[in-house]
1. Restricting the search to segment 168-183, which residues are farther than 13 Å from Lys144 by Cα, among the aliphatic types (A, V, I, L, M) and touching a Lys or Arg at 6+ places or on another chain (Cβ under 9 Å)?
2. Can you tell me which residue among Lys215, Lys190 is within 20 Å of Lys144 (Cβ to Cβ) and either within 21 Å of the chain's Cα centre (by Cα) or assigned by TED's automatic domain parsing to the domain that holds Gln159 (or both)?
3. In segment 45-56, which residues are under 20 Å from the mean Cα position of the chain (by Cα), assigned to a strand (DSSP E or B) and surrounded by fewer than 16 Cβ atoms within 10 Å (Cβ to Cβ)?
4. From the list Val28, Val41, which one is within 25 Å of Met153 (Cα to Cα) and either modelled with pLDDT of 85 or more or part of a strand (DSSP E or B) (or both)?
5. What single numbered condition from (1) at pLDDT 95 or above; (2) surrounded by 14 or more Cβ atoms within 10 Å (Cβ to Cβ) fails to hold for Asn88?
6. If the requirement is being at pLDDT below 95, crowded, with 17+ Cβ neighbours inside 10 Å and small (Gly, Ala, Ser), which of these qualifies: Gly59, Gly36?
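The values are calculated or read from the model by the stated rules, or taken from the named source; none is laboratory data. Just so it is clear, the structure is predicted and the values come from calculations on it, not from any experiment. Note: ideal-geometry Cβ built from the backbone for every residue, glycine included; neighbour counts use all protein chains shown.
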Amino acid sequence: MAVEQVSETQHAPDDRFEYFWSQRGEWVEEPNVRRGGESGVQRIHTPSGQLLYAKRQTGHIYRDWLHPFGRPTVLRELDALTGLQALNVRVPEIVFCGAQPDPVHQWRALLVTKSLDGFVEIEDWYANGGRERHGEALHDSMLKELAENLARMHKGRWQHGCLYIKHIFVRVTGEGAAAKAEVALLDLEKCRQRLLSKQAAVHDMKQLRRHSSWKPADWDKLVYFYRTAFGSAIKGL
C-alpha cells in the first residue's frame with residue numbers, strides 16, 4: 001500500500017488513516033495522559049520489512065491564538081518536520097500524517113516516520129565508547145555537524161522547544177580517516193517558529209546546556225562552531 005504525507009487541510013482518506021491506525025507494534029514510548037488525551041509511540045514493521053515509528057494520539061491537543069479550540073499536536077510536529085527538512089536539518093522522514101475528528105476523544109491523530117537507521121542516542125554513543133573508538137578529530141566533526149544543524153534551524157526561526165541531549169542522535173559511517181559523523185534531531189512536538197531567530201537560538205541553547213553532560217571544553221567547542229555557523233554574535237550562550 002502506498003503511503004503519503006498529508007496536511008491538516010488535506011486529511012488522510014479513511015482507508016489510509018485506518019490502515020495505519022490498525023497497525024500495532026512494540027511500545028517505545030508508553031501512552032502519556034496529558035493535554036486532554038493520550039499520546040504514545042509504537043515501533044511497527046511494514047509487510048516489506050521497513051521499520052517505522054507511529055505516534056498515536058487520541059484527544060491530545062494544544063491551543064494557541066490560531067487554534068483556540070485545539071489542534072492535534074502531531075500536526076504541529078508535521079509543520080516542524082516539513083520546515084526543518086526544507087532547511088536541510090536532519091530529522092525523521094515523514095511517511096504519513098493524518099488527523100480525524102472523533103466523537104469520543106475529539107481527535108484521533110497519527111504521525112508515521114521512517115526509522116533513522118544506524119542512529120543512536122548521543123549519550124549511548126558516548127557510553128559505548130564512540131568517542132574513544134573514533135578519536136577526537138571525529139568527535140570535533142560531530143560537534144560541528146550538530147552546531148551547523150542547530151544554526152540552520154534557528155536561522156529559520158524554528159525553536160525546538162525541548163532540546164535535551166536525549167533528543168540528539170548520531171551515526172558514524174566509515175572508519176579511520178574516512179569516518180563521517182551525522183546528527184539528527186528528534187521529538188519536535190513542541191517545535192515552533194519565533195518572531196526572531198535569536199529568540200529561538202537563546203532558548204534552545206540555554207536549554208541544551210542545562211540538559212546535557214558535556215564538559216566545559218566540549219561545550220565551548222560546540223558554541224564556537226555554532227556561532228561560526230550562525231554568522232553573528234549571540235549574547236548569553
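1. Matches in segment 168-183: Val172 only.
2. Lys215
3. Result: Leu51, single match.
4. From the options Val28, Val41, the qualifying one is Val41.
5. (2)
6. Exactly one of Gly59, Gly36 is at pLDDT below 95, crowded, with 17+ Cβ neighbours inside 10 Å and small (Gly, Ala, Ser), namely Gly59.
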